[in-house]
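Below: the structure, in structure tokens.
The values are calculated or read from the model by the stated rules, or taken from the named source; none is laboratory data. The shown structure was predicted, so the numbers you read here are calculated from the model rather than taken from an experiment. Every residue, glycine among them, receives a Cβ derived from its backbone with ideal geometry; neighbour counts consider all protein chains shown.
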Amino acid sequence: MILAAGRGERMRPLTDYTPKPLLVVGGKPLIVWLMQSLGAAGFTRVVINHAYLGAQIEAYLGNGAAFGVEIAYSHEITALETAGGIAHALPLLGDEPFLVVNGDIWTDYDFTHICNCGLAAGQLAHLVLVDNPEHNPQGDFGLDNGLVQSDASSRLTFSGIGCYHPAMFADIPGTMPAKLAPLLRSAMQRGQVSGEYHAGRWYDIGTPVRLQELDAMLLDDMRGGV
């Protein structure tokens, strides 16, 4: 599942007429980079939720055939936050663990890894953590012996990439906004969240400046720069 329902307030005025996942970096919309990575990793079906200007996302991506995947869309009349959006889409996601990735990130993470790792018995989530960027110096969660902890002194940043069991969202109605962090912290307290560290490239596109920086980096890559 790709989360694409956010309004992108911090990206205005760029998002006044364009949904954030369709903002272009390196010659392609952010969500296209993700679709290509997921297709290359062997995913055959992707659920995309949307709310604000969501019709543009459907018009651009279509049924997913161009990426070798089948796309199902989960329309939200008003954005339901991360947990609410996932709960709303559960009928499209099925009964097995599923990948969720934020639609406003760019990364070189190999999605085949999280696809193959699965969830251990009793686990509700598996998160990918990265080094803390300048805009999140304190990090989010700790990682100790493969388990993610909410109260660790040394923290990494949650990348927005995770594998979840549907049971984690069983008590979320899917008709009203609900945040993911409280669910994760509760599961962490019970030792039900595993994790891994990704040392490669990862960018959270939260401001126009970050979008410009990523665009410059990708274009430099294309020109043969470092």
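Of the conditions (1) more than 17 Å from the chain's Cα centre (by Cα); (2) not in a helix (DSSP H, G or I), residue 133 satisfies every one except a single condition; which number is it? Evaluating residue 133 over (1) more than 17 Å from the chain's Cα centre (by Cα); (2) not in a helix (DSSP H, G or I) leaves (1) as the failure. When only residues in segment 1-37 that are of a type in the set (Lys, Arg) and closer than 22 Å to residue 83 by Cα count, which is farthest from the chain's Cα centre (by Cα)? Among them, the one singled out is 10. The sole residue among 64, 94 that is surrounded by fewer than 18 Cβ atoms within 10 Å (Cβ to Cβ) and not charged (D, E, K, R) is 94. Right, residue 108: crowded, with 18+ Cβ neighbours inside 10 Å and within 19 Å of residue 213 (Cα to Cα) or not? In short, no. Going by the conditions given, is residue 56 within 15 Å of the chain's Cα centre (by Cα), without any contact (Cβ under 8 Å) to a residue 40 or more places away in the chain and in a helix (DSSP H, G or I)? Judged against the criteria, residue 56 is not a match.
Evaluate segment 82-99: report whether one residue or more is touching a strand residue (DSSP E or B) at 6+ places or on another chain (Cβ under 9 Å), in a helix (DSSP H, G or I) and over 23 Å from residue 127 (Cβ atoms). Yes: one or more hits.
Would you please name the residue that is surrounded by the most Cβ atoms within 10 Å (Cβ to Cβ), looking only at residues in segment 5-26 that are small (Gly, Ala, Ser) and modelled with pLDDT of 90 or more? Restricting to residues being small (Gly, Ala, Ser) and modelled with pLDDT of 90 or more, the top hit is 5.
If you go through segment 41-53 and keep only what is surrounded by fewer than 16 Cβ atoms within 10 Å (Cβ to Cβ) and in contact (Cβ under 8 Å) with a residue 40 or more places away in the chain, you end up with just 42.
Among the residues examined, residue 77 does not qualify as under 22 Å from residue 7 (Cα atoms), in contact (Cβ under 8 Å) with a residue 24 or more places away in the chain and not in a loop (DSSP other than H, G, I, E, B). Within segment 48-57, the presence of a residue that is modelled with pLDDT of 90 or more and in contact with a Cys (Cβ under 9 Å, 6 or more places away or on another chain) is excluded.
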